[in-house]
1. Leaving out ligands, DNA and RNA, what percent of the accessible area of the chain is carbon and sulfur, probe 1.4 Å?
2. Tell me, what ³J(HN,Hα) does each residue in the range 56-69 have, in order and in whole Hz, if you take phi through Karplus 6.51 cos²θ - 1.76 cosθ + 1.60 with θ = phi - 60° and put x for Gly and Pro?
3. Tell me the label-point distance for the pair SER188, GLU217, using the 7 Å Cα-to-Cβ offset, in nm and rounded to one decimal.
4. Just reorder ASP172, ASP65 by solvent-accessible area, largest first, 1.4 Å probe, all chains present.
5. Round to the nearest 10 and report in Å² the accessible area of LEU44, as given by a 1.4 Å probe over the protein chains' heavy atoms.
6. Whats the longest run of the chain with zero trypsin sites (Lys or Arg not before Pro) that are DSSP loop and have at most 14 other Cβ atoms within 10 Å?
7. How much length is gained on full extension from TRP18 to ARG138, taking 0.36 nm per residue of separation minus their Cα-Cα distance?
8. Mind grabbing the accessible area of PHE129 for me, 1.4 Å probe, Å², rounded to tens?
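The values are calculated or read from the model by the stated rules, or taken from the named source; none is laboratory data. No experiment lies behind these values; they were computed from the predicted model shown. Every residue, glycine among them, receives a Cβ derived from its backbone with ideal geometry; neighbour counts consider all protein chains shown. Quick note on the areas: whole protein, heavy atoms, side chains included, nothing else; ligands and nucleic acids left out. Shrake-Rupley method; radii C 1.70, N 1.55, O 1.52, S 1.80 Å.
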Amino acid sequence: MKVVISVDMEGVCGVSSWVQVSPPEFGGLVNGTEYQAARERMTLEAAAAAEGALSGGATDVLVNDSHDSMRNLLPELLPEGVRFTSGNDKPLSMVQGVQEEGVGALLFVGYHARAGSVHGPLAHTWNGFIRNVRINGRDTGEYGLNALVAGHYGVPVVFAAGDDVAMAEIGDELGEQVVRVAVKEGLSSFAAVHLHPREAQRRIRQGAEQAVRAASEGKPYKTTWPARVELTFNHQARADQCERVPGVERVDGVTVAYTSPDALHLFQSFRMLAKVAEVRLEG
């Protein structure tokens, strides 16, 4: 059985500030030393999940770099024999690889809570200006969007690691079939109580092994189709731009909506509108 591991950075043990997760080449609020340490811990958590998956019976593991520019992983720290993806121009973005034949499970590592979550460290959805994503009346985050894409290909989410708020949200939406490991307890948007990194990695390794052993019992995440999707932004100018896209309706000052026949349409339309909404607010 093939396994895909989608690894983000905001939910990694030891991370609680944007400084830690911002690649230095983009300038702004960055620190090369902090980022380097965070990407190393990110890679070690992905490695722990890969080792657990292999011990649980996976015959092929693909680690998909899913944070920001998506070239954060330090491949030398990954177990020999795994494959990995890097680069942000990927057709399925954070879950690239789930479309491959023979994939039987998707694992989330370093995942964070959705935008607006109380006490979720660095809680957001996709970027800094999407305030909420609602699918068929249910608020969701990156985990829900990614789980739907995986479900389109018949792949269940069986494991997740990240902050405790994200783990609660994932359990509530995706169900108890997901083995969850909280590597930190959120205190606020920019503070958390963390496990020791090696303890976090040990728990991830054990949880991933348990999850992959039981993966055949996992059910792909689904919703009702056609699905109504509502996107709420932090400024009306973003909604102004999006409502000009054919098939998109204006719901209120900061919210637009569209309808999708399946998960791929939903996901790619979401990505397109997130890009369309990147407008200067200075006028």
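1. Result for the chain: 48 percent of the exposed heavy-atom area is carbon or sulfur.
2. x, x, 5, 9, 8, 10, 10, 9, 9, 5, 10, 10, 6, 6
3. Computed distance between label sites SER188 and GLU217 equals 4.2 nm.
4. Of ASP172, ASP65, the descending order of accessible area is ASP172, ASP65.
5. 50
6. Answer from the scan: 72-221.
7. Full extension from TRP18 to ARG138 adds 40.5 nm.
8. Per-residue accessible area (PHE129): approximately 20 Å².
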